[in-house]
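Engineer: The structure is given below, and queries will be raised subsequently.
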Amino acid sequence: MTTVLTVISTLLWWVLYSSMAALVFALLGWSVLRWTERCAVVFNRIYLACLLWAMASLLLVVGVAAYEGRLHPPYPALLSSGLLRVALVLDMLLGAILLWRLVPRVDARRIRPGSACMAAAVIMALGFGVATSLA
């Protein structure tokens, strides 16, 4: 019974943390996409793309940390890991693809791939900057 409660609690915290991060990232992505597209974009679809991206990102980073055995502080050794760098590049690619495929403009056209890459780069740069300042 304790194992079941632990798994349920872990899943709830995973969704909660992912949704909090997705809201911040969606606000950043919305402003970048509005600027690069020069047209309004649909915010709730940006939030959906960022939520899926944040959930996958948490799984990816925790998976790398578990593989390297660095689940507990100090984290600077994890941040200098080559495997984490590869995972972050794949994560950024996943974010750009999710934004490009899921976010329409208000005129029902898909955003440009370059705009999705720019939004993903801004989100990753700010997210990595916050992560390294907290570690």
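The values are calculated or read from the model by the stated rules, or taken from the named source; none is laboratory data. Computed from a prediction, not measured in an experiment: that's the story for all the values here. Backbone-built Cβ (ideal geometry, glycine too); neighbour counts: all protein chains shown. The accessibility values were calculated without ligands, DNA or RNA, using every heavy atom of the protein model including side chains. Shrake-Rupley method; radii C 1.70, N 1.55, O 1.52, S 1.80 Å.
Engineer: Being over 17 Å from Y17 (Cβ atoms) and in a loop (DSSP other than H, G, I, E, B) narrows it down to one residue among A116, A108; which is it?
Structural biologist: None of the others qualify; the one that does is A108.
Engineer: Could I ask something else about it? For residues that are among the charged types (D, E, K, R) and closer than 16 Å to F43 by Cβ, scanning just segment 86-109, find the one that is farthest from the chain's Cα centre (by Cα).
Structural biologist: D107
Engineer: So, one more: Does R105 qualify as being in contact (Cβ under 8 Å) with a residue 60 or more places away in the chain, surrounded by 13 or more Cβ atoms within 10 Å (Cβ to Cβ) and among the basic types (K, R)?
Structural biologist: The answer is yes for R105.
Engineer: For segment 55-98, name all the residues that are among the hydroxyl-bearing types (S, T, Y) and touching a Leu at 6+ places or on another chain (Cβ under 9 Å).
Structural biologist: S57, Y67, Y75
Engineer: Between residues in segment 21-43 that are free of Cβ contacts under 8 Å to residues at least 12 places away in the same chain and open to solvent by 20 Å² or more (accessible area, probe 1.4 Å) and residues that are small (G, A, S) and outside any helix (DSSP H, G or I), which pairs lie under 7 Å by C-beta distance while being six or more apart or on different chains?
Structural biologist: From segment 21-43, the pairs are R34/A40.
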